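No value in this document is a laboratory result; all are computed from the given coordinates. Everything quoted here is computed from the prediction, not taken from an experiment. Here the Cβ positions follow ideal geometry from the backbone for every residue, glycine too, while neighbour counts run over all protein chains shown.
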Amino acid sequence: MTTLSVFLDVPEATKDEDTQQEETYLKDRNRKKIFLGQKVLLAEDGQPWIPLPVRKVYLQIVNDPTRNYEHLPVSGVEEFIRGVTELALGKNSKAILHNKASGVQTPGTTGAFRIGAEFLHRWCGDDKRISVCMPLLAYDRYHWIFEAAGLTTICPYRIWDTEHMGLALPEMLEDLEKSPDFSIVVLPTYCNPTGMRLSSDNWKQIADVMKRKNMFPFFHLKDQGLSSGDVDTDAWPVRYFVAEDFELFCAQSFSASFGLYGERIGNLLIVTRSNEILIRVRSQLESLAREIWSTPPCTGSRVVATILNNPALYVEWKDSVQMAVRRLMIIREKIREKLRLLETLKSWDHLTKQIGLFAYTGLTVTQVDLLARKKHIYILPHGQMNVSALNANNLDYVTQSIHDVTVNEN
């Protein structure tokens, strides 16, 4: 007798555009194919970049005969939490000095956003329909996490000016003004995927609007140091909001900046009005973490904690990050110059004004499709590419191909 499956009516999940693009690349049999949509920082040889001090400490930890293999506490490694909290806020932050800041170790920033969103849904008063404002171009990156936590009222805000290929600050402020009071606002410290850096004056204007509307900042501090080359510069927006007496959450990630992608190292940074509130909030977040993943991974967080709490290793790591950022900047300059020499019918100055691992090319959906079909070059559908994936072996071919698809479409 045939028995019907209890899963008969389960539909296949919809894949996001980034995943679809990568799968198309993997199926492509052309030998010239190039994938520029990686999420990792690559070295010149095309392999994932790992700072030298990370290699040393990792080997030291895994080969330590006294190391125990017990589960970590639910909140994670305390030395790690203390180190990354000081990295984000600065050792002399008033929030740290007054015991108003701490964190919960998470499996990457996805885990940080997940428990943060769940907490805000459960404890934001009686209004469970609280709005979440997030950047329009990064909508797919965030919305599913908040919707899964029950925060389904999403208000995208504009951040990119397509015509001028730059920051759309007036439009962003306008969208925040129109959003409901008491909204949660997701704030990448640099505008992913565009790579545009907001100035201190820009951040002050954003803070003024949010303070007036009683909005709650939920920062995304991704791979601190890899945007500008300086950890303090990258963290300035978070530190400014703390100085302005905002309570906030901040999802921190360390995958690319420490080259430990498979270790899933994240932290949900918490800043509150008082130590008493901090203790209560952290206890609820620990309870959520216990429900979702029990305890976090250990090896990666121990590597990060060791480096951040050892002055010599910390300086060596910062030097490594600065060298990686200099390489990214040189690649951006080379792309722009090669496209200029090819007399491509547009300006590419926006590429060198951007920062970080990713570049927002401004290519249209049609041009991205042409690159894939005609040139076997795959970038993400919205036009973002990984700068570090370009090297001496493929730079000429990629820039010539970009020139060809832009000229042909025009």
Looks like the stretch 270-312, by Cα gyration tensor root eigenvalues a ≥ b ≥ c and the a/c under 1.5 rounded cutoff (else prolate when a/b is bigger than b/c, oblate otherwise), is oblate
Helix 200-212 sits off the longest principal axis of the Cα atoms of the chain, rounded to the nearest 10 on a 0 to 90 degree scale, by 50
FRET efficiency (Lys213, Met323; Cβ distance; R0 51 Å; to 0.05) is 0.75
Expected sort for 205-216, 58-69 on mean C-beta neighbours within 10 Å, highest first, is 205-216, 58-69
Highest GNM mean-square fluctuation among Trp317, Trp236, Trp293, for the chain with Cα springs under 10 Å, belongs to Trp293
With +1 at each Lys and Arg Cβ and -1 at each Asp and Glu Cβ, the charge dipole magnitude of the chain around its Cα centre, to the nearest 20 debye, comes out at 640
Simple SL model, points at 7 angstrom along Cα→Cβ for Lys94 and Arg122; separation in nm is 3.1
In debye to the nearest 20, the charge dipole size for the stretch 247-299, taken about the Cα centre with +1 at each Lys and Arg Cβ and -1 at each Asp and Glu Cβ, equals 40
Helix 139-148: inclination vs the chain longest Cα principal axis, degrees, rounded to 10, gives 30
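With a ≥ b ≥ c taken as the square roots of the eigenvalues of the C-alpha gyration tensor of the stretch 142-253, please select rounded if a/c is under 1.5 and otherwise prolate if a/b is larger than b/c or oblate if it is not?
In terms of gyration-tensor shape, rounded.
Quick check on the stretch 102-163: take the gyration tensor over C-alpha atoms, sort the square-rooted eigenvalues as a ≥ b ≥ c, and tell me if it's rounded (a/c under 1.5), prolate or oblate.
Details: a/c = 2.43, a/b = 1.37, b/c = 1.77.
It comes out oblate by the Cα gyration axes.
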Once the dipole of the chain is set up from charges on Cβ (+1 Lys and Arg, -1 Asp and Glu), the residue from the list Tyr157, Tyr314, Tyr142 lying farthest towards its positive end is Tyr314
In nm², the average projected area of the convex hull spanned by the Cα atoms of the stretch 1-96 is 15.2
In degrees, nearest 10, the alpha-carbon axis of helix 231-243 is tilted away from the dominant principal axis of the alpha carbons of the chain by 50
Simple spin-label estimate for Asp18/Asn68, 7 Å along Cα→Cβ, in nm, reads 3.7
Given the candidates Gln224, Phe182, Met172, the one whose Cα lies deepest towards the positive end of the charge dipole of the stretch 139-236, counting +1 at each Lys or Arg C-beta and -1 at each Asp or Glu C-beta, is Phe182
